[in-house]
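Reviewing the structure listed below.
The values are calculated or read from the model by the stated rules, or taken from the named source; none is laboratory data. Fair warning: this is a prediction, and the values are worked out from it, not measured in the lab. Neighbour counts run over all protein chains shown; Cβ positions are idealised from the backbone, glycine included. Note: accessible area is taken over every heavy atom of the protein model, side chains too, but ligands, DNA and RNA are not part of it. Shrake-Rupley method; radii C 1.70, N 1.55, O 1.52, S 1.80 Å.
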Amino acid sequence: PEIKEELYAQLRPLLDRQEAEKRHSNLLHEAENKALRLQRENKRLQDFTEKIAANIPLSIIIVNREGSVTYVNQNLCRAMERTAAQLLGHTLSEIFPEPFLEPIGLNETVQSVLVGGIAAQRRSMEYRGNFYTYRVLPIRPRKAMSESRQAMILIENVSELRSLGEKVQVTEERYRTLFEGSPDGIVVGRPRGGRILDANHQAGLLLGMPRIALKKRALSSLYPRETLKIVKDRLRRPLVKVA
């Protein structure tokens, strides 16, 4: 027994060391697996973010505190007909022509956002017959409270929306001209005998009441009592049959 205990006493440090190395190896293996999972998750999030940035109808530019471009999305590359490699590492003044930058003070706005850490208000601009809106947002670490390390510029081409809005305005003006100038009385109301939404001047003359009074009534109130049931049935029918 004495020899056995003496042998154990001599081997115990080796056994403890072996056990410690085993635990350390297991911890190291777990840490490596965790790091690998985090790396894969980070790559997945980056790919997902890149897909979103590549497909949204906005041009995205990220600028660091030194004024160099660190990121551009595909929408900007397509608009400028240049690759990301041709844009990264350059300043805004090297990417955009002066007539684009100076009127809106984009460089000054970016520097203000980087220093103050507060997003700039959305602004509009016109360049070469196109209309754009842009906004500059701060990108800062969670621990930072004021100054930003990077700024994100969001540029949107709103020429089509502006053109569509102008077309809608023209259409509304034409409708209003025809509506008001028609020799026939026109009354606009909700379906199924709802209240009257609008009426032209001629309708007020034919019905013998002002337009303001008409708007307080229901469509069904304009018809004689003997035809009211027929009218209500007709108003309940859908105006357009959907296949």
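Descriptive notes on the structure:
- Taken over segment 187-200, the criterion of being surrounded by 15 or more Cβ atoms within 10 Å (Cβ to Cβ), at negative phi and of a type outside the set (A, V, I, L, M) is satisfied by Gly189, Asn200.
- Lone unmet requirement of (1) surrounded by 14 or more Cβ atoms within 10 Å (Cβ to Cβ); (2) on the phi > 0 side of the Ramachandran plot; (3) over 23 Å from the mean Cα position of the chain (by Cα); (4) not hydroxyl-bearing (Ser, Thr, Tyr) for Leu101: (2)
- Near pairs, Cβ below 8 angstrom, 6+ apart or cross-chain, from segment 211-228 (open to solvent by 80 Å² or more (accessible area, probe 1.4 Å)) to any residue that is part of a loop (DSSP other than H, G, I, E, B): none
- For segment 151-181, a residue qualifies if it is open to solvent by 60 Å² or more (accessible area, probe 1.4 Å), closer than 29 Å to Ile62 by Cα and either at pLDDT 75 or above or not in a helix (DSSP H, G or I) (or both), and exactly one does: Asn157.
- Only one entry of Leu36, Leu11, Leu114 meets the criterion of being in a helix (DSSP H, G or I), touching a residue at least 24 places away in the same chain (Cβ under 8 Å) and open to solvent by less than 80 Å² (accessible area, probe 1.4 Å), and that entry is Leu114.
- Residue list for segment 59-89, restricted to those being assigned to a loop (DSSP other than H, G, I, E, B), in contact with a helix residue (DSSP H, G or I) (Cβ under 6 Å, 6 or more places away or on another chain) and either of a type in the set (Asp, Glu) or open to solvent by less than 30 Å² (accessible area, probe 1.4 Å) (or both): Asn73
- Segment 30-83 - residue that is at pLDDT below 85 and small (Gly, Ala, Ser) and, of those, farthest from Leu154 (Cα to Cα): Ala31
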